[in-house]
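> Attaching a single structure in structure tokens format; questions to follow.
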């Protein structure tokens, strides 16, 4: 995975730094942009550079750039054109990453999460008012970043198509967050409602990333960006399903996850929702009681929950994940055309295969 | 004023309703859009239509439309072309109003303000997490609204110019809010720092409104939108200065303001800041002490403050307001050209004259 995610990491970081530096020109507003740099993992709370930058995986911008490369190859672009389109895609990749991070800043406040990548969340350092405002600023900056693609030769019409897609995607993200908060306050979330929610909250931005990359890479094609849109959608759903599976059945070795971690925090994820709909009535009642109790689940509760989920949800969730991964691979094959042997095709297939591992027993 | 603000009110409201209706298509997310309609003053907290809609003044979208009309006349457009450009400007006017309202939703949370236009603020009805998220959604919707101008014949290049201006303006708004919150935590805000803050927080969006209107109205001109930009900037500064003057010296008759209201709430506005910089040292110390005290100012404190501000700040603030109003009228004259006798020119001049009233002794 490091090969797939690492390939464009320096390009993406330089582009993000260029976007922030372009806005951060006035000493009066320096701490406002400093808060953004803190959230992005570049500086500490005193705005001093971190010895070990704490940037996230940069998955979404990598999806933009790999999709761009794949689409350019699939459309038969020569090497010079491929490089031009990669250069045009960089500001769009930065825009997607900034949208993702603006939503994280606000989600952390909305969900009361105090840690982000192992560091205090922005609102815990500077307070909620500043964090709301800095998130808004990052949202505006994301939109500004995109227009640099036009300066690099993307046509005005294509740029509007992409900006409009990004706007609609942001609205989907907010709808997803609305549904997530509404679900928390409700007792009858069905698997279908949950899948609708993660389609908006997680898959929409991945779909936008691959669509934007595909559109810049193959501007004259409709089929290639459309296939990459399907790919991004399936990948995004699979990505969240994998997260939900690992939140319950992760081995200790798997990064950042502890076994049954989501159960200990009483997170309502796909395996739990499936069990609430399909476990025997007595188990459903006990599961609900454990989740509703004011105290944390005991070790005995956890063992019991693991047993119920193993019997009712594990195989079903793995099958759901496998189906999305298969859909992603199929869409990818459609997008590839003659580029199926390219580095980009291989990288994106490897990404799906990595996510699919959690689908195995 | 009602003639100036009322002229396009129905057009603006229909356009805003069209934008919301276009997004609000799924029963699952209806309450998310219902919250937006509540904030916009169309429905109550149960999403039932209000008998008396509580929309604000709709000043900013009116500025877009009057500026468009003025620019079209100034550029010599015929009546058919003027109507076409008005039609193109409507989505942009809606976008500007939605940006303004998204910022109000978030400002109310950030400032802890519980009332907005005499009704409970969105966050007081649905809680902070929902209000942050609904504000984000309105921000995204503002951006989406703008693209309808392209469907109505605005060129893609012009649309990108306007979108980019709106994005940069949103960043200015956030910078202004950052400076406002930073000033609250500080003891040494100078008049210059305050003017810099209101330039970002208030004037930037008015400037964007008149520039956007001018660009759509006179797409082939650089001089007309540039003059209208200057007009919007001066008008925005004047607008805030008037608000600050009326916050202290309003007669009871003036809408929504009570005499010394800003002093009772210990708001740090231009007259106070000027006095903190220029009153005799003893008065500065006592003013600071009253503002820092944990209790509300007594009637004697208010009488004292009014006396100090009358002596040190009233004339200066009125002169500042008069200067901005004069700058606005000059810029307007430049923008008008042969259209100086038009309805639009008259309306915009009347708006400045209305704001300038507070500059009189």
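> Of the residues B:287, B:309, B:321, which single one is surrounded by 13 or more Cβ atoms within 10 Å (Cβ to Cβ), more than 25 Å from residue B:357 (Cα to Cα) and touching a residue at least 12 places away in the same chain (Cβ under 8 Å)? Before the answer, list the steps.
Values: B:309 fails: more than 25 Å from residue B:357 (Cα to Cα); B:321 fails: more than 25 Å from residue B:357 (Cα to Cα).
From the options B:287, B:309, B:321, the qualifying one is B:287.
> Shifting gears a bit: Output the residues belonging to segment A:149-163 that are facing chain B (nearest Cβ under 7 Å) and under 24 Å from the mean Cα position of the chain (by Cα). Walk me through how you get there before you give the answer.
Step one: filter segment A:149-163 for residues facing chain B (nearest Cβ under 7 Å), giving A:150, A:156-157, A:159-160, A:163.
Passing the criteria: A:159, A:160, A:163.
> Could you list, ordered by first residue, the pairs with Cβ atoms under 6 Å in which the first is in segment B:168-180 and in contact (Cβ under 8 Å) with a residue 60 or more places away in the chain and facing chain A (nearest Cβ under 7 Å) and the second is surrounded by 24 or more Cβ atoms within 10 Å (Cβ to Cβ) and assigned to a helix (DSSP H, G or I), at least 6 apart or interchain?
Every condition considered, the pairs that remain are B:170/A:140; B:177/A:133.
> Across segment A:2-29, what is the number of residues that are exposed (fewer than 14 other Cβ atoms within 10 Å of the Cβ) and either in contact (Cβ under 8 Å) with a residue 40 or more places away in the chain or more than 25 Å from residue A:70 (Cα to Cα) (or both)?
Within segment A:2-29, the first condition is being exposed (fewer than 14 other Cβ atoms within 10 Å of the Cβ), and the residues that meet it are A:2-3, A:6, A:10, A:14, A:21-22, A:25-27.
With either in contact (Cβ under 8 Å) with a residue 40 or more places away in the chain or more than 25 Å from residue A:70 (Cα to Cα) (or both) added as a condition, the list becomes A:3, A:21-22, A:25-27.
Adding up the residues that qualify gives 6.
> Would you check which residues across segment A:67-100 are free of Cβ contacts under 8 Å to residues at least 12 places away in the same chain and closer than 16 Å to residue A:344 by Cα and list them?
Looking only at segment A:67-100, we keep the residues that are free of Cβ contacts under 8 Å to residues at least 12 places away in the same chain, and these are A:78-81, A:83.
Selection gives A:78, A:79, A:81, A:83.
> Inside segment A:20-29, can you point out the residues that are part of a helix (DSSP H, G or I) and within 10 Å of chain B (Cβ to nearest Cβ)?
Across segment A:20-29, the qualifying residues are A:23, A:28, A:29.
> Right, another one. Just a yes or no: is a residue in segment A:214-236 within 14 Å of another protein chain (Cβ to nearest Cβ), at pLDDT 95 or above and either assigned to a helix (DSSP H, G or I) or buried (at least 24 other Cβ atoms within 10 Å of the Cβ) (or both)?
The answer is no, given that none of the residues of segment A:214-236 is within 14 Å of another protein chain (Cβ to nearest Cβ), at pLDDT 95 or above and either assigned to a helix (DSSP H, G or I) or buried (at least 24 other Cβ atoms within 10 Å of the Cβ) (or both).
> Further question on the same structure: Given the condition modelled with pLDDT of 95 or more and under 18 Å from the mean Cα position of the chain (by Cα), answer yes or no: does some residue in segment B:123-138 qualify? So that I can check it myself, show each step before the final result.
In the first step, residues of segment B:123-138 are kept if they are modelled with pLDDT of 95 or more; the result is B:123-138.
Subsequent filtering for residues that are under 18 Å from the mean Cα position of the chain (by Cα) retains B:135, B:138.
Among the residues of segment B:123-138, at least one is modelled with pLDDT of 95 or more and under 18 Å from the mean Cα position of the chain (by Cα), which makes the answer yes.
> Out of the helices (runs of 4 or more DSSP H) lying entirely within segment A:59-143, which hold 3 or more residues that are crowded, with 18+ Cβ neighbours inside 10 Å and in contact with a strand residue (DSSP E or B) (Cβ under 8 Å, 6 or more places away or on another chain)?
Working: elements: A:59-74, A:79-111, A:122-126.
No helices (runs of 4 or more DSSP H) qualify here.
> Would segment A:332-341 turn up any residue that is in contact (Cβ under 8 Å) with a residue 40 or more places away in the chain and over 16 Å from residue A:74 (Cβ atoms)?
no
> Okay, next question. Could you say which residue among A:205, A:146 is closer than 23 Å to residue A:103 by Cα, more than 10 Å from chain B (Cβ to nearest Cβ) and at pLDDT 95 or above? First the steps, then the outcome.
Details: A:146 fails: more than 10 Å from chain B (Cβ to nearest Cβ).
The conditions single out A:205.
The values are calculated or read from the model by the stated rules, or taken from the named source; none is laboratory data. Computed from a prediction, not measured in an experiment: that's the story for all the values here. Virtual Cβ from ideal backbone geometry, glycine too; neighbours counted across all protein chains shown.
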